[in-house]
Each structure stands twice: as C-alpha cells, then as structure tokens.
1. Could you please find all residues in the range 62-99 being modelled with pLDDT under 95 and of a type in the set (K, R)?
2. Within the range 103-142, restricting attention to residues that are of a type in the set (S, T, N, Q) and at pLDDT 95 or above, which residue is nearest to K84 (Cα to Cα)?
3. If M1 satisfies all but one of (1) part of a helix (DSSP H, G or I); (2) surrounded by 17 or more Cβ atoms within 10 Å (Cβ to Cβ), what's the number of the condition it fails?
4. Given the conditions (1) surrounded by fewer than 22 Cβ atoms within 10 Å (Cβ to Cβ); (2) assigned to a helix (DSSP H, G or I); (3) not aliphatic (A, V, I, L, M), and given that G16 satisfies all but one, which numbered condition is not satisfied?
5. With the structure loaded, tell me whether P31 is in a loop (DSSP other than H, G, I, E, B) and modelled with pLDDT under 95 or whether it fails that test.
Amino acid sequence: MNDLQNELAGATVALGATITAAMDDVPGFVPCGTPSQVVTGALAAAGASEAPADLPARIQQVHGFVEHVADHRGVAPHADTDVKSISPTAQQLLEALLGFAAAADAEGVTPDEAEWLYRSLAAVESGDDERATAQLAAAPRR
C-alpha cells in the first residue's frame, strides 16, 4: 500500500471504531447500507494493487462519515490509526478486512458482516491482540 492507501486504511479504522462506539451505546444498533458500502469501498481502495486516483476524495468522504456518526450518535469521533505501526496480529486482521472488501459486493454486505467489519476495525484500533484474534476467528466465510 502507498502512503495515501495507508492514510485511507487508517481513516477507515477510525470510522469503524466510531461506528462500534455507537453500536456499543445502543444495543442492537448495527448500521448497514451506506456506511457498510463506504467502509467496504474504502477498504477495497486501500488494498488495491493499483491505487485508485480518487484516494484523497475517499479519505475526505471517510472523515466526513466519522464526523457524521459522531454527531448523530453522540459518540466521540475516533482519530485515524497509523496502520504502519500496528501489531502483527492487527496487521493480519487488517489484511483479512482488505481481502473481504476486495471480494465483497458492497451492496450485498449482510448486517452480521457489517457488524464484523466495524468491530474488526475497532479491534485494529484498540491494539488488543486478543480482540483482533477473536475477530479473525469470527471472519465471515464467503
């Protein structure tokens, strides 16, 4: 991944962590639809072998969603994660997320898959290898 792809991945981690905070605040709440499409599209672009030309716009879009979720759900917005400095376990989870996004139909992500995406991104941010390992074990099989 190039620097912009790393930045996009880090912003997407922040979005997933912000959404997870909102889900934790309201049991049973799992946004799908547009947020999962944004997350899936951002992860696919971050992991693409050829970086898309619209990476700056995607980063801005993800930052906008972080603020939107924080404002509308009353949770603190999470900051971008430096994905170059995460643990090997978190890196393995991030790779699984990138692979899922590359193979997923963004509009066909189920609520369970969306919850896994968001909670996995929050696990990457957390630095908790046990949490990341649990999310790896729970990865959807497509």
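1. R73
2. First, the residues of the range 103-142 that are of a type in the set (S, T, N, Q): 110, 120, 126, 133, 135.
From the residues that got through so far, the ones that are at pLDDT 95 or above too are 120, 126, 133, 135.
Numbers: S120: 17, S126: 14, T133: 19, Q135: 20 Å.
This residue is S126.
3. Exception for M1: condition (1).
4. Every condition holds for G16 apart from (1).
5. Numbers: in a loop (DSSP other than H, G, I, E, B): yes; modelled with pLDDT under 95: yes.
The answer is yes for P31.
The values are calculated or read from the model by the stated rules, or taken from the named source; none is laboratory data. Quick caveat: nothing in here was measured; it's all calculated off a predicted structure. Cβ: placed from backbone, ideal geometry, glycine included. Neighbour counts: every protein chain shown.
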